[in-house]
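Working notes, beginning with the structure itself.
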Amino acid sequence: LLPALYWNALQVDTLLGEGASGHIYRVHSAAHPQGLALKLFKGAVTSDGLPEHELAASIAAGQHPALITPCAELAGHPQGARGVLLPLIAPSFINLAGPPSLESCTRDVYAPTLHMDVATAVEVARQIADAVAHLHQRGILHGDLYAHNILWNPATAQALLSDFGAATLLPAAGNPVRRALQALEVRAFGCLLDELLALVRAGPATGAGPGAGQGTAPGADAGAALAGLRAITHACLLPQPSQRPEMAAVCAQLAFIRT
């Protein structure tokens with residue numbers, strides 16, 4: 001269970017953003033003078049699902065270096081609203097992509113100037129894969145694994161998976177529905193890898209990540225890394241869900257890629 005942080009102990013600052021399931025504010029308290037982010041749930045069924053499911057999944061997720069998970073639960077709101085307190089993310093982190101458009105349909109929209117070298121793509125992929133594997137091991141489906149729910153620092157290639165609005169608790173281990181849902185999320189990860197590969201092929205790197213400035217003329221190591229990423233992408237996108245690897249296996253395969 002998360003510790004409780006009471007409403008009357010908080011000083012609400014600026015509105016940081018709004019999602020389908022809630023509003024996010026910057027807040028301060030005596031215990032957290034550096035600031036926290038408060039997500040106040042809207043309290044009704046949204047396009048993402050039920051707030052109580054998001055809250056349960058967020059709490060069950062626990063802590064992981066590539067996940068934005070709650071550090072406290074809100075208590076004592078005057079209107080009885082539910083909410084969670086989250087770490088305040090540094091402004092150096094930006095969304096990896098924007099949400100799908102009418103033109104792109106189901107695919108996220110990336111900035112046309114965004115390109116990355118293969119080392120950066122592998123680093124982002126490793127972090128997100130490890131976060132998703134962590135969730136699956138804890139019986140959680142993120143449910144919205146898109147680049148627009150990933151924050152990243154272009155200078156360091158550090159990536160964070162956010163937004164548990166569509167998350168849900170999975171059936172117990174051994175239930176075939178659990179494996180089927182996990183395979184669906186593996187496919188979503190495969191789509192993300194496919195998009196990262198497109199960024200690598202598109203042009204020279206524009207960030208200052210681990211391999212920035214190398215461009216897209218791959219040497220032997222970069223060429224092998226690209227081939228490795230393509231192989232993992234292919235496996236994650238196999239038509240038969242039962243043939244797709246589990247996320248733990250994807251993490252192991254990514255760990256073998258040298259850049």
Count of the stretch 152-174 residues which are open to solvent by 60 Å² or more (accessible area, probe 1.4 Å), aliphatic (A, V, I, L, M) and under 12 Å from the mean Cα position of the chain (by Cα): 0
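Report yes if some residue within the stretch 42-51 is closer than 12 Å to L85 by Cβ, open to solvent by less than 50 Å² (accessible area, probe 1.4 Å) and in a loop (DSSP other than H, G, I, E, B); otherwise report no.
Step one: list which residues in the stretch 42-51 are closer than 12 Å to L85 by Cβ, which gives none.
No, because not a single residue in the stretch 42-51 is closer than 12 Å to L85 by Cβ, open to solvent by less than 50 Å² (accessible area, probe 1.4 Å) and in a loop (DSSP other than H, G, I, E, B).
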Return the only residue of P78, P65 being closer than 23 Å to L170 by Cα, open to solvent by 40 Å² or more (accessible area, probe 1.4 Å) and part of a loop (DSSP other than H, G, I, E, B). P65
Across the stretch 153-170, what is the total count of residues that are in contact with a His (Cβ under 9 Å, 6 or more places away or on another chain) and either in a strand (DSSP E or B) or over 21 Å from L38 (Cα atoms) (or both)? 4
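Residues checked against (1) surrounded by 14 or more Cβ atoms within 10 Å (Cβ to Cβ); (2) within 21 Å of L237 (Cα to Cα); (3) modelled with pLDDT under 95:
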site	(1), (2), (3)
P176	no, yes, no
E185	yes, yes, no
L192	yes, yes, no
L196	yes, yes, no
A202	yes, no, yes
T206	yes, no, yes
G211	yes, no, yes
Could you identify the single residue in E103, E123 that is of a type in the set (D, E), without any contact (Cβ under 8 Å) to a residue 12 or more places away in the chain and either open to solvent by 10 Å² or more (accessible area, probe 1.4 Å) or more than 23 Å from A57 (Cβ to Cβ) (or both)? E103
Output the number of the condition that V132 fails; it satisfies all remaining conditions of (1) assigned to a strand (DSSP E or B); (2) open to solvent by less than 10 Å² (accessible area, probe 1.4 Å). (1)
Taking the options A252, A248, A222, name whichever one is without any contact (Cβ under 8 Å) to a residue 12 or more places away in the chain and either in contact with an Asp or Glu (Cβ under 8 Å, 6 or more places away or on another chain) or surrounded by fewer than 17 Cβ atoms within 10 Å (Cβ to Cβ) (or both). A252
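The values are calculated or read from the model by the stated rules, or taken from the named source; none is laboratory data. Bear in mind that the values here come from a model prediction, so they are computed numbers and not experimental data. Using ideal geometry, Cβ is built from the backbone for each residue, glycine included, and neighbour counts are taken over all protein chains shown. To get the accessible areas, we keep the full protein, side chains included, count just its heavy atoms, and leave off ligands, DNA and RNA. Shrake-Rupley method; radii C 1.70, N 1.55, O 1.52, S 1.80 Å.
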